[in-house]
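The values are calculated or read from the model by the stated rules, or taken from the named source; none is laboratory data. The structure displayed is predicted, hence computed values, not measured ones. In this analysis, Cβ positions are derived from the backbone assuming ideal geometry, glycine residues included, and neighbour counts consider all displayed protein chains. Remember, those area values only see protein heavy atoms, side chains included, never the ligands or the DNA or RNA. Shrake-Rupley method; radii C 1.70, N 1.55, O 1.52, S 1.80 Å.
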Amino acid sequence: LNAILGFAQILTSDALPSTIPQKKEFAGHILKSGRHLLTLINEILDLAKVEAGAVNLSLEPVALGDVLGECLPMIEPAANQRGIRVLFPEACETVVEADRTRLKQVLLNLLSNAVKYNRDAGAVVVDMSYDSPGRVRVSVQDTGLGLRPDQLELLFQPFNRLGQENSGQEGTGIGLVVTRRLVELMNGTIGVSSQVGAGSVFWIELPVTVPHSLAQ
């Protein structure tokens with residue numbers, strides 16, 4: 001908000017000369033800060049709803065492959081800008097019991113984090129496994145800096161960005177807290193493993209079910 005007000009004051013001031021390129025730069029800073037502020041507000045509202053138990057989910061059969069297919073074009077632009085390869089399973093016919101909108105929110109959060117905190121020319125790999133009966137594990141692996149054990153212990157604390165405040169990457173430290181609670185509300189679990197210098201793997205496990213057509 002300080003950035004928005006500061007650059008707006010420069011643009012409206014007659015005492016501070018600025019060129020057209022400078023005005024475009026200032027407007028760009030205002031837009032970037034505005035989007036960040038909007039994200040922060042939305043995530044705080046989401047967190048407040050979750051903590052108050054005011055989130056209503058509609059659990060139903062959801063085609064996992066369809067949701068992943070919707071997520072891919074939403075994260076590819078940011079990944080392409082940094083030369084990050086995004087690898088999804090070639091085919092996925094698994095159907096999970098979940099709230100479709102919230103499942104997409106969960107997956108987008110994990111995928112966007114994997115891109116954001118990755119290294120340039122790195123990779124994001126999405127995989128699935130079926131180690132637990134009646135459940136599927138969806139994992140999102142990155143090739144970023146990884147996390148130390150002490151950082152992993154603090155990972156799901158609200159507003160804790162684990163020292164990334166000055167990294168240049170925007171964030172609120174709220175997304176993973178909301179993600180974990182949403183996964184739990186869908187009768188799932190979430191976890192992470194990480195190695196410093198090698199990257200991290202975030203995963204969620206959800207109940208597997210059958211499509212409506214087969215259930216009927």
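The residues of the range 80-94 that are within 27 Å of Y130 (Cβ to Cβ) and in contact (Cβ under 8 Å) with a residue 24 or more places away in the chain, listed by number, are R85, V86, L87, F88, P89, A91, C92, E93, T94. Just one residue in the set V177, V196 is at pLDDT below 95, buried (at least 20 other Cβ atoms within 10 Å of the Cβ) and farther than 22 Å from C92 by Cβ; that residue is V177.
D99 falls short on exactly one of the conditions (1) within 24 Å of S200 (Cβ to Cβ); (2) in contact with a Leu (Cβ under 7 Å, 6 or more places away or on another chain), and that condition is (1). Of everything in the range 68-86 that is in contact with a strand residue (DSSP E or B) (Cβ under 8 Å, 6 or more places away or on another chain) and charged (D, E, K, R), the residue that is least open to solvent (accessible area, probe 1.4 Å) is E76. Here D46 fulfils each of the conditions (1) in a helix (DSSP H, G or I); (2) out of contact with any His (no Cβ under 9 Å at 6 or more places or on another chain); (3) farther than 30 Å from V136 by Cα; (4) of a type outside the set (A, V, I, L, M) apart from (3). The residue of the range 120-136 that is nearest to P207 (Cα to Cα), among those that are part of a strand (DSSP E or B) and out of contact with any Asp or Glu (no Cβ under 6 Å at 6 or more places or on another chain), is V136. Candidates in the range 180-193 are the residues that are open to solvent by less than 30 Å² (accessible area, probe 1.4 Å) and outside any strand (DSSP E or B); of these, the one that is modelled with the lowest pLDDT is L182. Filtering S58, S13, S33 for residues that are in contact with an Asp or Glu (Cβ under 6 Å, 6 or more places away or on another chain), free of Cβ contacts under 8 Å to residues at least 60 places away in the same chain and polar (S, T, N, Q) leaves a single hit, S58. With respect to the conditions (1) assigned to a loop (DSSP other than H, G, I, E, B); (2) open to solvent by 30 Å² or more (accessible area, probe 1.4 Å), L40 lacks only one, and its number is (1). The number of residues in the range 87-122 that are among the aliphatic types (A, V, I, L, M), over 9 Å from the mean Cα position of the chain (by Cα) and surrounded by fewer than 19 Cβ atoms within 10 Å (Cβ to Cβ) comes to 3.
If you check S139, S112 for being in a strand (DSSP E or B), out of contact with any His (no Cβ under 7 Å at 6 or more places or on another chain) and of a type in the set (S, T, N, Q), only one passes: S139. Restricting E205, E153 to those that are farther than 25 Å from L38 by Cα and modelled with pLDDT under 90 reduces the list to E153.
Quick check on the range 49-65: of everything there that is part of a helix (DSSP H, G or I) and modelled with pLDDT of 80 or more, which residue is least open to solvent (accessible area, probe 1.4 Å)? Selected residue: L64. With the structure loaded, tell me whether D131 is open to solvent by 20 Å² or more (accessible area, probe 1.4 Å) and under 21 Å from R180 (Cβ atoms) or whether it fails that test. Criteria met by D131.
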